[in-house]
């Protein structure tokens, strides 16, 4: 990959990948490291998809797998990670956001990714299925169940 093509990919997809990684990890410092690792992998890759839609899916898949690698590696240090996140993560200004954020963090990583990609970015279930290597029906079922789980916990806590 030449330098101009790499810079173009970084300019076009850098912010979206950062937001996705931040959504998955909920840690800005870790997000920076993972994003750097993703772009190191892109730089080393010989063949990057030419189609923009396919490239976006490929980059999200690389980001997701890199996040999983980092999270697996750091799972041994979960106490440190929890303390670090509490010290450095800035909660959004919305008064309900910390409550919703905590509930989202309780969902499994795949379900959080599905909700983020569908609700925040606007991908279809078919596109998400391609990115996460799942069937479209499984993505639909997981999205439905995770939203149902969120609704139930929010209603229980409001009562």
- Query: What order, most packed first, do the peptides 102-109, 62-69 have when packing is the mean number of other Cβ atoms within 10 Å of each residue?
  - Reply: 62-69, 102-109
- Query: Say R0 is 35 Å: what FRET efficiency, to the nearest 0.05, do residue 155 and residue 53 get from their beta-carbon distance?
  - Reply: 0.40
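Just subtract the alpha-carbon distance of residue 73 and residue 133 from 0.36 nm times their residue separation and send over the number in nm, one decimal.
Numbers: separation 60, 0.36 × 60 = 21.60 nm, distance 2.19 nm.
Going from the current span to full extension adds 19.4 nm.
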- Please state the relative contact order of segment 93-159 as a whole percent: Cα pairs under 8 Å, 6+ residues apart? 29
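Values in this text are rule-based calculations from the coordinates and carry no lab data. From a predicted model like this one, the values you see are computed outputs, not experimental measurements. Ideal geometry is used to build each Cβ from the backbone, glycine not excepted, and the neighbour counts take in all protein chains shown.
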